[in-house]
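Trainee: Before we start, here is the structure in question, set down as structure tokens.
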Amino acid sequence: MKNQKIVEAMPGYRWEIDGANFVKVVYRQDSDLVVFADQGICHYRFEDDGERLMEFLDAQSLVDVGTVTDGGWLDVTPSVVIPWSSTAETTNTTADSSTSAPSTPGKAYTFRVLNNDGTEFGKGCFTLGDGSESSVEYRRGSAETLTAFWYRDPIVGVLDLSALLSLSFSDRAGEQQFQFNAWAQPDFDRGLVAGGATPDQLGHVSAHRGATEDGSCQGRKLEWVAIGQPTIEVIEEDGVTIPLVDLVVAIDSSVSMKDEAVALDAAVSAAIEAARAHCPSDLRVVYLGIEGTFRDTRFNQSIRKYLTTTAKAAEAELRGRQRGTVAGGGAQEDGARAIEDLSRHFDWRPGAGRALFFLGDESLDGGNQDAKQDQGDIEAANLAIAVAKEAGVRVHTYLGTSSVKDKVRREIEGEYARVARETGGQSFTSQDALRGFQALLQDVICGSKPAPRRIEHPFCCCQAYVES
């Protein structure tokens, strides 16, 4: 023969390897022929004994496979191939995966077989050991750590680890490749061989047979693998259980906010009744002012007094500055610090949705010192967001009217909106108040209900996945 090198590969097989050590031809001595070429892999049957097959291979000048017509394909009649005899294999010591039980923990990968037009034809998954591996060379009966394999398509049905004859995968830099060979046992009457997939190139599906259909060499492709992703289960309220909601309405107690305090106070009762109809909840609302109060309104208690008396917080732990310690009315306009203190120290009910509605008309850190918003205001907002998120508090914001320049107001409005957005709340401005504080407060109450619970389930390489 003209072969440069012949090596024993599997019982009953010989592999011809070219100078670059790339497998070009695989054949079983008594019948079947498998050709590896630039276009992929295809299986053929050569109906004669081993001696005639050897002569045929000699005649093809297989050392230089690249010169064979059509880029390396041998011009013989395609047929269905049983890759090798199960009687020649060693006993399979791998755990049986014939049930749909989830795989053991490890690193799971998914893959797909695609039609010519790129649509999905089949999908599968496999799991490697304890999750630390990035490659595997599995042969039936080997000790490689492959803990799960599942595949399904309309031709072969479902194949599991008991059907897997071989799987080669590597995600190491410079060595990335994926191929597999799986046939239902003991009759080898359905299965497929697919290989040559890399991150940059689709692989080819060659032998592909089911109980009633032969789909071999029809141009289907094997897609490169992806990491198995967890599934997120979203649990909505059942419509019967009334959720607990704690809402703190905190207001800048400077004189400029008195109009909003009076308007909000007048709208509260109607807003709560409307909210009960649209979004029922076991609602508790507490109204507090920052370092001050507004007479004849519900804002008749300061944040400091409530937290140190009702909530039993230590005053030394509060971040809010005391009235009179900041120039102008700055301490009464410490919106960001108020969000921090309420998030950390308010007496939230166990299991209640936590919400805070802050109303102000100036920057979040001591108001508009020097008639502008500065880096200190942004950093204060960052800290307020972090504390609220850690405490699970959803912050809604309202920016009232003010006399600052339009450019400065837009900057302040942006920070109010950011605090709300990043904590899962809603932001409002004086323009929203034009439709009335009842509607605005109703939006806040309904927007304060606990979000649906999200449960993350680890990816399961199992029968349920391939059949989904």
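The values are calculated or read from the model by the stated rules, or taken from the named source; none is laboratory data. All of these numbers come straight from a predicted model, not from anything done at the bench. We place every Cβ from the backbone using ideal geometry, glycine too, and count neighbours over all the protein chains shown. Accessible surface areas use protein heavy atoms only, side chains included; no ligands, DNA or RNA. Shrake-Rupley method; radii C 1.70, N 1.55, O 1.52, S 1.80 Å.
Trainee: How large is the accessible surface per residue of segment 278-357, computed with a 1.4 Å probe and reported in Å² as a whole number?
Mentor: Values: 3700 Å² over 80 residues.
Heavy-atom SASA per residue in segment 278-357 reads 46 Å².
Trainee: Taking square-rooted eigenvalues a ≥ b ≥ c of the alpha carbon gyration tensor, is segment 246-387 rounded, prolate or oblate, where a/c under 1.5 means rounded and, failing that, a/b exceeding b/c means prolate? All intermediate terms of the calculation are to be shown ahead of the outcome.
Mentor: Working: a/c = 1.67, a/b = 1.37, b/c = 1.22.
Taking the square roots of the gyration eigenvalues as a ≥ b ≥ c, segment 246-387 is prolate.
Trainee: Right, here's the next one. Where Lys and Arg each count +1 and Asp and Glu each count -1, what net charge lies around Thr212 among other residues with Cβ under 11 Å from its Cβ? Could you put the intermediate results ahead of the total?
Mentor: Details: positive: Arg190, Arg209; negative: Asp189, Glu213, Asp214.
With Lys, Arg at +1 and Asp, Glu at -1, the net is -1.
Trainee: To the nearest 20 debye, what is the magnitude of the charge dipole of segment 134-238 about its Cα centre, counting +1 on the Cβ of each Lys and Arg and -1 on the Cβ of each Asp and Glu?
Mentor: Numbers: 8 positive and 16 negative charges, 138 e Å.
So the magnitude is around 660 debye.
Trainee: Please report how far the C-alpha centroid of segment 256-298 lies from that of segment 178-196, rounded to the nearest whole angstrom.
Mentor: 69 Å
Trainee: Compactness ratio of segment 179-291: Cα Rg over 2.2 N^0.38 Å, N = residue count? Walk me through the numbers before you get to the answer.
Mentor: Details: Rg = 32.1 Å, N = 113, 2.2 N^0.38 = 13.3 Å.
Taking N as the residue count of segment 179-291, the ratio is 2.42.
Trainee: Obtain the nm distance between the two label points defined at Asn115 and Ala327 by a simple spin-label model: each point lies 7 Å from its Cα along the Cα-to-C-beta direction.
Mentor: Placing both labels 7 Å along Cα→Cβ, they lie 7.3 nm apart.
Trainee: Take Asp187 and Arg421, extend 7 Å from each Cα along the Cα→Cβ direction, and tell me the distance between the two endpoints in nm.
Mentor: 6.2 nm
Trainee: Now a separate question. Let me check I've understood the local charge: for Lys407, count other residues with C-beta under 13 angstrom from its C-beta, Lys and Arg +1, Asp and Glu -1. What total comes out? Intermediate results must be reported in sequence, preceding the final value.
Mentor: Details: positive: Lys372, Lys405, Arg409, Arg410; negative: Asp406, Glu411, Glu413.
Its environment carries a net charge of +1.
Trainee: A further question on this structure: Sort segment 239-301 into rounded, prolate or oblate with this rule: let a ≥ b ≥ c be the square roots of the eigenvalues of the Cα gyration tensor; rounded if a/c is under 1.5, and if a/c is not under 1.5, prolate when a/b is larger than b/c, oblate otherwise. If you can, show how the numbers build up before the last one.
Mentor: Details: a/c = 3.51, a/b = 2.12, b/c = 1.66.
Taking the square roots of the gyration eigenvalues as a ≥ b ≥ c, segment 239-301 is prolate.
Trainee: Separation between the Lys405 and Glu467 pseudo-spin-labels, each 7 Å from Cα along Cα→Cβ, expressed in nm?
Mentor: That separation, rounded to one decimal, is 6.9 nm.
Trainee: Determine the share of segment 369-414's accessible area contributed by carbon and sulfur atoms, expressed in whole percent, with a 1.4 angstrom probe.
Mentor: Numbers: 1180 of 2510 Å².
Within segment 369-414, the accessible surface is 47 percent carbon and sulfur.
Trainee: Going by the alpha-carbon gyration tensor, a ≥ b ≥ c the square roots of its eigenvalues, is segment 158-223 rounded (a/c under 1.5) or, if a/c is not under 1.5, prolate (a/b greater than b/c) versus oblate?
Mentor: Details: a/c = 3.72, a/b = 1.59, b/c = 2.34.
Oblate.
Trainee: Quick check for you: with a 1.4 Å probe and neighbouring chains kept, what is the accessible area per residue of segment 152-198, in Å²?
Mentor: Values: 1570 Å² over 47 residues.
Each residue of segment 152-198 exposes 33 Å² on average to a 1.4 Å probe.
Trainee: Follow-up. Grab the other residues whose beta carbon is less than 11 angstrom from that of Ala433, score K and R as +1, D and E as -1, and report the net. Before the final figure, lay out the partial values.
Mentor: Numbers: positive: Arg435; negative: Asp259, Glu260, Asp432.
Net charge around Ala433: -2.
Trainee: Keeping all protein chains in place and using 1.4 angstrom, which order do Ser166, Ser256, Ser468 fall into by accessible surface area, from largest down?
Mentor: Numbers: Ser166 15, Ser256 65, Ser468 100 Å².
Solvent-accessible surface, decreasing: Ser468, Ser256, Ser166.
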